[in-house]
Amino acid sequence: LVREAWLFLIVGLWILGTVPTRRPFLMIMGRSIVIAKVGMEGLGKFEARWDAEAEFRRATRFLSAIWGLVFSLDALIQVAVAYTLPVDAVPGVSTAQWLVVLAGLITFHTVYTKRKDLRA
């Protein structure tokens, strides 16, 4: 019942580990999205913002940290749920919890990227 939670914790910690690096999580994952939306030329512009704009770097790191924290905290809550609720209830509660967390995270991500002009 906690196997997936440990995977989410590892992913969350990896995301957090990328925050102070040259390419935090969202710069890594964003490449594919930017290419799909605006092509290679748009990717060049997107990556040039990283090199030229301190606010872009700060906001991208902050948002990457949020993703990492949410994944990590969600994993810890899933472990707590697995050890405190009846076994039959855990899969349903864990699934519902993840859907709520993911919806909240995507909503926050969407609002924040629009507000901070992080979109390609």
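The values are calculated or read from the model by the stated rules, or taken from the named source; none is laboratory data. This is a predicted model, so every value here is computed, not measured. Quick reminder, even Gly has a Cβ in these numbers, built from the backbone with ideal geometry, and neighbours come from all protein chains shown. Keep in mind that these areas ignore ligands, DNA and RNA; they rest on the heavy atoms of the full protein, side chains included. Shrake-Rupley method; radii C 1.70, N 1.55, O 1.52, S 1.80 Å.
Would you mention how many residues in region 17-49 are more than 17 Å from Tyr112 (Cβ to Cβ) and either without any contact (Cβ under 8 Å) to a residue 60 or more places away in the chain or of a type in the set (S, T, N, Q) (or both)?
Counting residues in region 17-49 that are more than 17 Å from Tyr112 (Cβ to Cβ) and either without any contact (Cβ under 8 Å) to a residue 60 or more places away in the chain or of a type in the set (S, T, N, Q) (or both) gives 17.
Going through Val87, Val79 one at a time, which residue ends up being within 23 Å of Val101 (Cα to Cα), open to solvent by 20 Å² or more (accessible area, probe 1.4 Å), outside any helix (DSSP H, G or I) and among the β-branched types (Val, Ile, Thr)?
Val87
What residue, among those in region 2-60 that are of a type in the set (D, E, K, R) and closer than 30 Å to Tyr83 by Cβ, is surrounded by the most Cβ atoms within 10 Å (Cβ to Cβ)?
If we take residues in region 2-60 being of a type in the set (D, E, K, R) and closer than 30 Å to Tyr83 by Cβ, then Glu4 is surrounded by the most Cβ atoms within 10 Å (Cβ to Cβ).
Are any residues in region 46-86 within 18 Å of His109 (Cβ to Cβ) and aliphatic (A, V, I, L, M), and if so, which ones?
Passing the criteria: Ala59, Leu63, Ala65, Ile66, Leu69, Val70, Leu73.
Condition (residue is within 30 Å of Ser94 (Cβ to Cβ), open to solvent by 70 Å² or more (accessible area, probe 1.4 Å), at pLDDT below 95 and among the aliphatic types (A, V, I, L, M)) applied to region 62-73: is it met by at least one residue?
Looking through region 62-73, none of the residues is within 30 Å of Ser94 (Cβ to Cβ), open to solvent by 70 Å² or more (accessible area, probe 1.4 Å), at pLDDT below 95 and among the aliphatic types (A, V, I, L, M).
Exactly one condition in (1) outside any helix (DSSP H, G or I); (2) at pLDDT 95 or above is not met by Glu55; state its number.
Status for Glu55: all satisfied but (1).
When only residues in region 51-84 that are touching a residue at least 60 places away in the same chain (Cβ under 8 Å) and of a type in the set (Gly, Ala, Ser) count, which is nearest to Thr113 (Cα to Cα)?
Ser72
Go through region 90-120 residue by residue and tally those that are in a helix (DSSP H, G or I) and either open to solvent by 90 Å² or more (accessible area, probe 1.4 Å) or among the basic types (Lys, Arg) (or both).
4
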